[in-house]
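All remarks here apply to the structure that follows.
The values are calculated or read from the model by the stated rules, or taken from the named source; none is laboratory data. From a predicted model like this one, the values you see are computed outputs, not experimental measurements. Quick reminder, even Gly has a Cβ in these numbers, built from the backbone with ideal geometry, and neighbours come from all protein chains shown.
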Amino acid sequence: MIKTVLIVGLGAAIGSLIRFGVTNGLKQIFHKTAFPAATFFINISGSFLLGLVNGQLPKNAFTLAFFVAVLGGYTTFSTYMNETVQLSTQKKILAMIYYIVSALLGILAALIGYVI
Amino acid sequence: MRRIFYIFLLGFIGGAMRGYFTALAGPNHFAATVAINLIGAFVLAFITGALPYLIELSDDLTIGLSVGLVGGFTTFSTFSYDSVNLLLNHKIGLGLFYILISLIGGLLMAELGTHLGHRFEKGVDNND
């Protein structure tokens, strides 16, 4: 139990820092668009990678537990929901697209990562 | 540099909390992930909307709390992978329920937190 908590904590700490870096980088490229492209990219790529490591690495492997922890911290559900709410006050259709397409593509990306 | 330190430290705490609740839930880890994501959706709205009116926070600490603590606590990748896992294992009903409760519940919690933030904002204005 303690080992799990420490692995998930360390992985999430590293994953959060990667997300911060990627968000800053992507916001400079997509600064003109209202669409939350940074979180969108992070969540879809993180879902793909989580499917991939689960498909490739043996169960119970330490490396799998570590990658799962990093990707858990890298991706974010809370920002996804809050960006949807914020976007919906100005651009309802775009918010709806972000909300639904993120979920569908995220699940699809995890599936593709898992089966390849 | 302080910002990086806050994100790392608070990301560790957020992730450790998620790891603890998930491990505690054992076979019910799906339910734990739903609860974590819904709570996190509310808390993030509270931190960015209401908290600045309650206590003074530096930008570095606010980013540490939102990106590290809540970002490390909630997870989108596990949501996606859990959904795939349930659907591939022919638990179609449970899989669809997991997806819908996460999406609808998460949005409602973020709405609730945002409204609470607006109330704090107005409360401060009225006292001026």
message: Can you pull out every residue in region A:103-116 that is surrounded by 22 or more Cβ atoms within 10 Å (Cβ to Cβ) and either in contact with a Gly (Cβ under 6 Å, 6 or more places away or on another chain) or of a type in the set (Asp, Glu) (or both)?
response: A:ALA110, A:GLY113
In region A:82-116, the residues that are of a type in the set (A, V, I, L, M, F, W, C), facing chain B (nearest Cβ under 10 Å) and either more than 16 Å from B:LEU107 (Cβ to Cβ) or in contact (Cβ under 8 Å) with a residue 40 or more places away in the chain (or both): A:LEU105, A:ILE107, A:LEU108, A:ALA109, A:ALA110, A:LEU111, A:ILE112, A:VAL115
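Is one or more of the residues making up region B:113-125 buried (at least 20 other Cβ atoms within 10 Å of the Cβ) and either within 12 Å of chain A (Cβ to nearest Cβ) or among the basic types (Lys, Arg) (or both)? Write out each step before concluding.
Kept after step one, since they are buried (at least 20 other Cβ atoms within 10 Å of the Cβ), are these residues of region B:113-125: B:113-114.
Checking which are either within 12 Å of chain A (Cβ to nearest Cβ) or among the basic types (Lys, Arg) (or both) leaves us with B:113-114.
Yes, there is a match, as at least one residue in region B:113-125 is buried (at least 20 other Cβ atoms within 10 Å of the Cβ) and either within 12 Å of chain A (Cβ to nearest Cβ) or among the basic types (Lys, Arg) (or both).
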message: Out of B:LEU107, B:LEU54, I need the residue that is aliphatic (A, V, I, L, M) and modelled with pLDDT of 95 or more. Which one?
response: B:LEU107
message: Can you tell me which condition B:THR74 does not meet? The list is (1) more than 28 Å from A:MET96 (Cβ to Cβ); (2) in contact (Cβ under 8 Å) with a residue 12 or more places away in the chain; (3) among the polar types (S, T, N, Q), and all the others hold.
response: (1)
message: Among the residues of region B:99-110, are any of a type in the set (Ser, Thr, Tyr) and facing another protein chain (nearest Cβ under 7 Å)?
response: no
- request: Filter region B:61-101 down to the residues that are more than 16 Å from the chain's Cα centre (by Cα) and not in a helix (DSSP H, G or I), then identify the one that is surrounded by the most Cβ atoms within 10 Å (Cβ to Cβ).
  value: B:LYS91
message: assigned to a helix (DSSP H, G or I), touching a residue at least 24 places away in the same chain (Cβ under 8 Å) and of a type in the set (Gly, Ala, Ser): is that true of A:GLY21 in this structure?
response: no
task: Taking B:TYR53 as the residue in question, decide whether it is surrounded by fewer than 19 Cβ atoms within 10 Å (Cβ to Cβ) and within 7 Å of chain A (Cβ to nearest Cβ).
output: no
- prompt: With respect to the numbered conditions (1) small (Gly, Ala, Ser); (2) more than 9 Å from chain A (Cβ to nearest Cβ); (3) touching a helix residue (DSSP H, G or I) at 6+ places or on another chain (Cβ under 8 Å), which one is the sole condition not fulfilled by B:GLY71?
  reply: (2)
message: Considering only residues that are buried (at least 22 other Cβ atoms within 10 Å of the Cβ) and aliphatic (A, V, I, L, M), which ones fall in region A:69-102?
response: A:ALA69, A:VAL70, A:LEU71, A:MET81, A:VAL85
message: Only one of B:GLY26, B:GLY19 is facing chain A (nearest Cβ under 8 Å) and either of a type in the set (Gly, Ala, Ser) or surrounded by fewer than 16 Cβ atoms within 10 Å (Cβ to Cβ) (or both). Can you tell me which?
response: B:GLY19
task: Considering (1) within 8 Å of chain B (Cβ to nearest Cβ); (2) more than 23 Å from B:PHE42 (Cβ to Cβ), say which one A:THR79 fails and leave the rest.
output: (2)
